[in-house]
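The values are calculated or read from the model by the stated rules, or taken from the named source; none is laboratory data. Owing to the predicted nature of the structure, the values given are computational and were not obtained by experimental measurement. Neighbour counts are summed over all protein chains in view; Cβ atoms, including those assigned to glycine, are modelled from backbone coordinates with ideal geometry.
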Amino acid sequence: MFDSGFGGLTVARAVIDLLPVEDLVYIGDTGRYPYGSKPLVDVHEYASELARSLVADFGAKAIIVACNTATAAGLDDVRAELPVPIIDVIEPGARAIVRATTSGRVGVIGTVGTISSGAYVDAVARTGAPVELVSAACPGFVEFVERGQTAGDEVTVLAERLLAPIRDVGIDALLLGCTHYPFLARPINDVMGPGVTLVSSADETAFAARDRLASLGLLRTGGAPGQHRFLSSGDIDAFRDLGGRLLGAELASTERWPQPAHPTTGEHHDPT
């Protein structure tokens, strides 16, 4: 799986817990984050490169795009190009939010790229559920998480300012439409109040991955615990330190992505 940085670790946690015997390779593209403020055409290029690397360099049998912005940038051509299933976080998130509401009025927050793409509007519409969806972009949230700052006055002040418009329309469920946002669940919950259920797509994405692998006969159902590898295109020591605090003991070491040039062919993938 891959993400722009640390946010996808929420999905990684759910996958490791649900599928403990599967091997996992996670690439955090911290050398190019944040994705949310970048043109979607650039994000699409990054996503394509990361997906190809997971197949070519690591032999991935399936890919989870643990990044809402990358999914919103479009994956159709990547799905057509690569010979493995690609699971995204937007469709599972849409299914989760329509199940969580009792009033029929729900919200989604995400990066500027994700919200402006309309990807969640389309995904919720495809569920056929009779719900009203309101959306809000939350620039700045990702940067707080990437710095390891998930609480405090600065976070709360920003959350109050960004969430007030969506809180005031009377929703009863809010989808955290960026995989970084669950790390800010406490300040978001404080602003939204007890009458709003926060919904993360992480667990739903893990279930979707399990079901997809099972349907294709690719699901590992027994054996030794899976091996977990974590890579970063940025500072690997910083990724290990913060990532370990966010994910847990599984993230004890970090490698550099792209991997060093092959000693025989000299081939490598260059993220720049």
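Of the listed requirements (1) in the same structural domain as Cys138 (by TED's automatic domain parsing); (2) over 20 Å from Gly36 (Cα atoms); (3) of a type in the set (S, T, N, Q), Ser215 misses just one: (1). In the stretch 100-120, which residue that is in contact with a helix residue (DSSP H, G or I) (Cβ under 9 Å, 6 or more places away or on another chain) and in a helix (DSSP H, G or I) is surrounded by the fewest Cβ atoms within 10 Å (Cβ to Cβ)? The selected residue is Ser116. I need the full set of residues from the stretch 196-224 which are of a type in the set (Val, Ile, Thr), at pLDDT below 95 and touching a strand residue (DSSP E or B) at 6+ places or on another chain (Cβ under 6 Å), in order please. Of everything in the stretch 196-224, nothing turns out to be of a type in the set (Val, Ile, Thr), at pLDDT below 95 and touching a strand residue (DSSP E or B) at 6+ places or on another chain (Cβ under 6 Å). Within the stretch 126-142, if we keep just the residues that are under 21 Å from the mean Cα position of the chain (by Cα) and either assigned by TED's automatic domain parsing to the domain that holds Tyr33 or of a type in the set (A, V, I, L, M) (or both), the residue that is nearest to Leu247 (Cα to Cα) turns out to be Val142. Residues of the stretch 139-192 being basic (Lys, Arg) and assigned to a helix (DSSP H, G or I), which ones? Passing the criteria: Arg161, Arg167, Arg186. Summed over the stretch 25-50, residues that are in a loop (DSSP other than H, G, I, E, B) and either farther than 17 Å from Gly110 by Cβ or of a type in the set (Asp, Glu) (or both) total 4.
Checking the stated criteria, Val145 turns out to be under 18 Å from the mean Cα position of the chain (by Cα) and among the hydrophobic types (A, V, I, L, M, F, W, C). Report, by residue number, each residue of the stretch 46-68 that is in contact with a Lys or Arg (Cβ under 8 Å, 6 or more places away or on another chain) and more than 16 Å from Ala12 (Cβ to Cβ). The answer is Tyr46, and nothing else. Every condition in (1) of a type in the set (Ser, Thr, Tyr); (2) in contact with a strand residue (DSSP E or B) (Cβ under 7 Å, 6 or more places away or on another chain); (3) over 24 Å from Arg245 (Cα atoms) holds for Thr111 except the one numbered (3). The single residue among Ala123, Ala136 that is at pLDDT 95 or above and assigned to a helix (DSSP H, G or I) turns out to be Ala123.
For the stretch 235-251, indicate whether the set of residues that are in the same structural domain as Ser37 (by TED's automatic domain parsing), of a type in the set (Val, Ile, Thr) and at pLDDT 95 or above is non-empty. Looking through the stretch 235-251, at least one residue is in the same structural domain as Ser37 (by TED's automatic domain parsing), of a type in the set (Val, Ile, Thr) and at pLDDT 95 or above.
Within the stretch 145-192, the set of residues being touching a residue at least 60 places away in the same chain (Cβ under 8 Å) and small (Gly, Ala, Ser) comprises Gly148, Gly170, Ala173, Gly177. Scanning the stretch 1-24 for residues that are in a loop (DSSP other than H, G, I, E, B), surrounded by fewer than 18 Cβ atoms within 10 Å (Cβ to Cβ) and not aliphatic (A, V, I, L, M) turns up Pro20, Asp23. For Thr69, the conditions (1) part of a helix (DSSP H, G or I); (2) surrounded by 24 or more Cβ atoms within 10 Å (Cβ to Cβ); (3) in the same structural domain as Ala208 (by TED's automatic domain parsing); (4) modelled with pLDDT of 95 or more are fulfilled apart from (4).
When only residues in the stretch 26-55 that are closer than 17 Å to Phe239 by Cα and small (Gly, Ala, Ser) count, which is surrounded by the fewest Cβ atoms within 10 Å (Cβ to Cβ)? Among those that are closer than 17 Å to Phe239 by Cα and small (Gly, Ala, Ser), it is Gly31.
So that you can scan it fast, the table gives a plain yes or no per residue for (1) buried (at least 21 other Cβ atoms within 10 Å of the Cβ); (2) touching a helix residue (DSSP H, G or I) at 6+ places or on another chain (Cβ under 7 Å):
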{"residue": "Pro165", "(1), (2)": "no, no"}
{"residue": "Gly177", "(1), (2)": "yes, yes"}
{"residue": "Leu184", "(1), (2)": "yes, yes"}
{"residue": "Asn189", "(1), (2)": "no, no"}
{"residue": "Thr197", "(1), (2)": "no, yes"}
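Put simply, of Asp172, Asp153 the only residue that is of a type in the set (Asp, Glu), surrounded by 15 or more Cβ atoms within 10 Å (Cβ to Cβ) and more than 19 Å from the chain's Cα centre (by Cα) is Asp172.
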